[in-house]
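One structure is given here, and the rest of the page talks about it.
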Amino acid sequence: MAYFEQMKGRGTRTISATDFNAVTPDAPAKTHFVIVDAVGVCENDKTDTRPLERKKSIPFDKLIHLVALGGRDEDTLTSVAGSLAALDREIDDRDRQEIKNVAGGKSLKELINRLLDATDPDRQIEKAQEIFKTEAPTAEQLKKATAELVKVACTPFDNPTLRNAIIDITNRLIIVWTYSPQYVNIEA
């Protein structure tokens with residue numbers, strides 16, 4: 001079951017378009033992943049697979065503020081990561097630079113990857129092995145390593161300037177998309 005989770009975790013990781021084109025030149029960007037099951041692992045349910053955005057009923061601005069207020073559960077972190085990944089597909093380089101400037105030099109992709117790493121069992125094990133210098137971390141060591149990954153992933157969102165910049169960019173995109181002439185149906 002752990003290997004199956006690792007395989008899915010690696011599939012969900014984000015990759016820049018440039019890096020992706022280096023290994024897959026015939027595709028513009030990673031939009032999904034496919035698990036090829038050559039031995040029948042998928043014939044039996046191994047996990048409760050759920051989408052990244054698990055808190056769809058909570059508006060994004062409230063969700064990102066929830067992280068700053070200490071909401072650091074897996075569902076919240078993956079929902080923020082999923083929303084930020086969707087945002088990253090829509091924004092331009094100017095917006096990316098604005099986020100990087102207020103995030104202390106961290107790109108939006110770095111912020112997303114840290115959130116995903118904090119919830120990835122693979123990364124949690126690696127972090128515990130690194131911190132505690134052991135091949136087989138205990139449950140308590142995994143818990144402490146996970147807490148460290150979560151802290152690193154969430155600290156940037158404690159900055160209200162970063163949260164407000166992301167929310168402003170999101171709101172600006174919604175307004176542009178809503179009022180763009182290509183989406184307006186005017187009858188003569």
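Restricting attention to the stretch 49-79, and to residues there that are of a type in the set (Lys, Arg) and farther than 16 Å from Phe157 by Cα, which single residue is modelled with the highest pLDDT? First the steps, then the outcome.
Here is the first cut: in the stretch 49-79, the ones of a type in the set (Lys, Arg) are 50, 54-56, 62, 72.
When the remaining residues are screened for being farther than 16 Å from Phe157 by Cα, the result is 50, 54-56.
Working: Arg50: 51, Arg54: 49, Lys55: 54, Lys56: 63.
Per the criteria, the residue is Lys56.
Under 7 Å between Cβ atoms, which residue pairs at least 6 apart in sequence (or on different chains) link something in the stretch 64-80 that is small (Gly, Ala, Ser) with a partner that is surrounded by fewer than 16 Cβ atoms within 10 Å (Cβ to Cβ) and at pLDDT 95 or above?
Partner pairs satisfying both residue conditions: Ala68/Asp158.
Name the single residue that is modelled with the lowest pLDDT among those in the stretch 1-25 being part of a loop (DSSP other than H, G, I, E, B) and surrounded by fewer than 12 Cβ atoms within 10 Å (Cβ to Cβ). Give the steps one after another, and end with the answer.
Residues of the stretch 1-25 part of a loop (DSSP other than H, G, I, E, B): 1, 13-16, 24-25.
In the following step, the residues that additionally are surrounded by fewer than 12 Cβ atoms within 10 Å (Cβ to Cβ) were identified as 1, 25.
Numbers: Met1: 61, Pro25: 86.
Here the residue is Met1.
From the set of residues in the stretch 26-48 that are at pLDDT below 75, charged (D, E, K, R) and part of a loop (DSSP other than H, G, I, E, B), which is surrounded by the fewest Cβ atoms within 10 Å (Cβ to Cβ)?
Asp48
The values are calculated or read from the model by the stated rules, or taken from the named source; none is laboratory data. Remember, it's a predicted structure, so these values are computed and weren't measured experimentally. No Cβ is skipped: glycine too gets one built from the backbone with ideal geometry, and neighbour counts run over all protein chains shown.
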